[in-house]
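Here is the structure we will look at, set down as structure tokens.
The values are calculated or read from the model by the stated rules, or taken from the named source; none is laboratory data. Because the structure is a prediction, the values reported are computed rather than measured. Every residue, glycine as well, gets a Cβ built from its backbone with ideal geometry; the counts of neighbours run over all protein chains shown. Calculation scope for accessible area: heavy atoms of the full protein, side chains included, ligands and nucleic acids excluded. Shrake-Rupley method; radii C 1.70, N 1.55, O 1.52, S 1.80 Å.
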Amino acid sequence: MALVVAGFVVLDCSEPEKLAAFYKEFLDGEETDATANRVEIQGADGMRMAFRRDVNATPPSWPRPENSLQAHLDFHVDDLDAAERKVISLGGRALEAKDGGGPYEERGYADPSGHSFTLRLGAATAPKQG
């Protein structure tokens, strides 16, 4: 019998309800549990995330070194442009501005609370740039 029965990626933030809504929509998921200080979701692919209230949470400053990368999430997607449009429409923002002249295999973003993540093509379609 397994000792661990569930695992979550947990992000600290000042407003867990809002951050959970961002990831729930982005991952086509559902809320699975909520308390006053924590919201849990499960994405359509089974990924489990939780968002814990921390009124003193400060977002990482990546790629700037002042408050460097604290955690990083990678999401594999089939269409980078479509995934980017969804991220931006949900309140995320691009962290890396690259020349849009051709396809890249990954792009960096921040969620509405400032946590960084990368969208990666499931299978690379172009050589890595830079």
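Here are some notes:
- Residue match in the stretch 33-41 (condition: open to solvent by 60 Å² or more (accessible area, probe 1.4 Å) and touching a Lys or Arg at 6+ places or on another chain (Cβ under 7 Å)): yes
- In the stretch 7-32, residue modelled with the lowest pLDDT [restricted to those that are surrounded by 10 or more Cβ atoms within 10 Å (Cβ to Cβ) and in a loop (DSSP other than H, G, I, E, B)]: 8
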